[in-house]
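Worksheet for the structure shown next.
A short reminder: the numbers here are calculations on the coordinates, not readings from a lab. Keep in mind that what you see is a predicted model, and the values were worked out from it rather than measured. Counting neighbours? That spans all protein chains shown, and the Cβs are built from the backbone with ideal geometry, glycine included.
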Amino acid sequence: MLDLIKPEMEKAKIPFVEIRGDTGDHKTPVTQFQNGDVPLFLISLKAGGTGLNLTAVDTAILFDPWWNPAVKKQAIDRAHRLEQDKPVFVYKLSAKGTVEDPCSNCSKCSRSKLSKHS
């Protein structure tokens, strides 16, 4: 999904930084975003779930389909840190009739079944 978003941001001349699973240097893009040098941080869901502390985030939009709700929750939690001083809005987007649609329904069903047995 990031491969679809990036060219649109470049075309619109919206500056951004990104981190993916294969990104070696996390410090530079995090620092640029935290300092306000760029308004947009593109992060793959898996990369976003590991070791990031982004207190400058005010909006998180999840585009990546992922069947495991715990992975999504971990990525969302990265935006809600102790040092966070503003509200954070989180949106999960999926497209009807695509692979995201059944994944979304599957995770909703799993959460429902788990909550009944808790």
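So for the pair Asp58, Ala12, with labels modelled 7 Å out along Cα→Cβ, what separation do we get in nm?
About 1.6 nm separates the two model spin labels.
Scan around Ala60 for amide H atoms under 5 Å from its own, H built in the peptide plane at 1.01 Å from N, and keep only partners 5 or more places away or cross-chain.
Phe89, Val90, Tyr91
Contour minus end-to-end for Asn68 and Glu83, with contour as 0.36 nm per residue of separation and end-to-end as the Cα-Cα distance?
Answer, rounded to one decimal: 2.7 nm.
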